[in-house]
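What follows draws every value from the coordinates through simple rules; no lab data is involved. What you are looking at is a predicted structure, and each value in this text was computed from that prediction instead of being measured. Don't worry about glycine lacking a Cβ; one is built from the backbone with ideal geometry, like all the others, and counts go over all protein chains shown.
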Amino acid sequence: MGWQPRDELSQAVALEVMLHGPLGRSELARRLDLAPATLTRISGELIRSGLLVETPHAAKRGTGRPSIPLDVVPESHHFIGVKLTGRAMMSAVTNLRAEVLEYREFPLASRHPEEVVAQIVGLVRDARTRRDLDAVGIGLGGVVTQDGTVASAPFLDWADVPLAKLVEELVELPVFAANDLTAFTESQHWFGLGTGHANFATLTIGAGVGYGCVANGRLLSNEDSGVGLVGHWPLDPLGPLCSRGHRGCADGMLTIPAIERDVSTALGRAVPWGEVLALAAAGEPAVERIVTASARALGRLIAAVANLAAPDLVVLGGEGVGLAAIALDAVRAGIVEHRDPRASEVRVELTPGDDESWCRGAAALAIQGYVLTRSRPSP
Ligand SMILES: [Zn+2]
């Protein structure tokens, strides 16, 4: 079964049900501002085409005429999302709602584009022995153009690699590639904590610092998305130096390598991230001091985002999200410090920050690409 709503209105109905279903017909008509008769016609067509089903078990109890909610069949479509780093390749197979059914990870055999493409193709072919796939999404740190060409990716040492096209030629499925922060933000937008919010922001911390913003229901992006422009945002005039000589910028205070470096220097031995968090939680004074300063700096960055972009909420993610989890009071203190007391409290939500959530982001690219491209009437 394909995703082929007949026109824009049908597409809007199908999308609304996919993103927010199950939904009763009256609720759908209200959300999309459609006349009940129009909705009855469209939903009838979508049910006959097999895209939507009636779900009597989800019917709300109550008085009045029962309305049988409509839903999509999540398992009717499957997608694979691949996340690339400089050392590994992770993949997740998901259904139409980006729920992960299968997760795998492998070391990167080589950084050479041809070999990375071959490894992705192998992953996709292997996944297809178990399930039919409808599209492929790939996310990576770097600048990626609309057509899925990697303009630059420092972790992979790539420039101008037409990644989506190269993979597409070999797997004969639609392939969509984008910056990983873009992918993560889109997955939060359609399937995560940003669902139902026209304005929200994402901040990720890990090897770098990433920022994404959805405003009026659309992800803000331009040709510089993926450069990592908040990476050197100033946060603490007394903080440590970064690689570019700034004192107390985001890169020097919030990334995992920066915090590991400061803790290792303080303790006189190499301390990996997991141990940094454990020592901070156990109250080791030197580690606690460094982690608290970083968490406070993160709070200042959240306050800056809230003040400048006016989001309903700020979603935190990335491998370093544990910083916020163990020092939430310091994060809050940093927010308060840079927020007008009359302003509303900033809503901050944490995501797991594991590799699976990056893959889910890549799968969301595949789902969006598939659903939005398929909806266009053929010429
Ligand atoms: Zn810097």
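When both bridge partners sit in the chain, DSSP labels roughly 65% of those beta bridges antiparallel. Projecting the Cα positions of LEU96, GLY142, GLY353 onto the charge dipole of the chain (unit charges on Cβ atoms of Lys, Arg, Asp and Glu, taken about the Cα centre) puts LEU96 furthest along the positive direction.
If I build a Gaussian network model for the chain, linking alpha-carbon pairs within less than 10 angstrom, which residue out of SER43, SER294, SER26 has the largest mean-square fluctuation? Result for the chain, Cα springs under 10 Å: SER26 fluctuates most.
Taking the beta-carbon count within 10 Å as an exposure proxy, list ASP33, ASP7, ASP262 from fewest neighbours to most. Each step should come with its number before you reach the end.
Working: ASP33 7, ASP7 11, ASP262 23.
By the 10 Å Cβ count, ascending: ASP33, ASP7, ASP262.
Paramagnetic label reach from ASN222 (point 7 Å along Cα→Cβ; backbone nitrogen cut-off under 19 Å): within region 135-171, residues 142-147, 151-152.
Cut-off is 10 Å between beta-carbons; in what order do MET253, MET90 appear when sorted fewest neighbours first?
On the way: MET253 31, MET90 21.
Listing MET253, MET90 from fewest to most nearby Cβ atoms yields MET90, MET253.
Measuring how big the chain is from its alpha-carbon positions, Rg and Dmax come out at 22.5, 73 Å.
Would you mind getting me the FRET efficiency between ARG31 and ASP132? Use the beta-carbon distance for r and R0 = 41 Å, nearest 0.05.
Numbers: r = 31 Å, r/R0 = 0.76.
Step by step, r from the Cβ atoms, then E = 0.85.
Evaluated at q = 0.18, 0.29 Å⁻¹, the base-10 log of the normalised Debye intensity for region 8-72, with identical point scatterers placed on the Cα atoms, takes the values -0.57, -1.45.
Separation of region 97-152 and region 194-267, taken as the distance between their Cα centroids, equals 25 angstrom. The charge dipole of region 244-379, taken about its Cα centre with unit charges on the Cβ of Lys, Arg, Asp and Glu (plus for the first two, minus for the last two), comes to roughly 500 debye. Relative to the longest principal axis of the C-alpha atoms of the chain, give the angle of the C-alpha long axis of helix 36-48, reported between 0 and 90° and rounded to the nearest 10°. Rounded to the nearest ten degrees, it is 90. Value of Rg to Rh for region 136-248, rounded to two decimals, is 1.03; Kirkwood radius and Rg both from alpha-carbon coordinates.
When the Gaussian network model of the chain links Cα atoms closer than 10 Å, the mean-square fluctuations of GLY239, GLY274, GLY192 top out at GLY274.
Taking the Cα centre of the chain as the origin, how large is its charge dipole in debye, to the nearest 20, when only Lys and Arg (+1) and Asp and Glu (-1) carry charge on their Cβ atoms?
Working: 34 positive and 44 negative charges, 184 e Å.
The calculated dipole for the chain is roughly 880 debye.
Taking the beta-carbon count within 10 Å as an exposure proxy, list TRP273, TRP233 from fewest neighbours to most.
Numbers: TRP273 17, TRP233 20.
Going from sparsest to densest Cβ surroundings: TRP273, TRP233.
If R0 equals 25 Å, the separation of the Cβ atoms of LEU229 and ARG261 corresponds to a calculated FRET efficiency of about 0.65. Phi angles of region 230-247 translate, via the Karplus equation with coefficients 6.51, -1.76, 1.60 and θ = phi - 60°, into HN-Hα couplings of 8, x, 10, 5, x, 10, 8, x, 9, x, x, 7, 9, 5, 9, x, 6, 9 Hz per residue; Gly and Pro are given as x. For the chain, the 222 nm mean residue ellipticity estimated from helices alone, with every DSSP H stretch of n ≥ 4 adding -39500 (n - 2.57) and the total spread over all residues, rounds to -13000 deg cm²/dmol. Find which of THR204, ALA250, GLY322 sits farthest along the positive direction of the dipole of region 196-350, computed with +1 on the beta-carbon of Lys and Arg, -1 on that of Asp and Glu, about the Cα centre. With unit charges placed on the Cβ atoms, the residue in question is ALA250. Working value for region 196-350: equivalent-ellipsoid semi-axes of 26, 17, 14 Å, each the square root of 5 times a Cα gyration tensor eigenvalue, largest first.
Highest mobility in the GNM of the chain, judged by mean-square fluctuation with C-alpha springs under 10 Å and restricted to THR202, THR149, THR182, is found for THR149.
At 0.36 nm per residue, and after removing the present C-alpha to C-alpha distance, how many nm does the segment from ASP329 to ARG41 gain when stretched out fully? Can you show the working numbers first?
Working: separation 288, 0.36 × 288 = 103.68 nm, distance 5.31 nm.
Result for the pair: 98.4 nm of gain on full extension.
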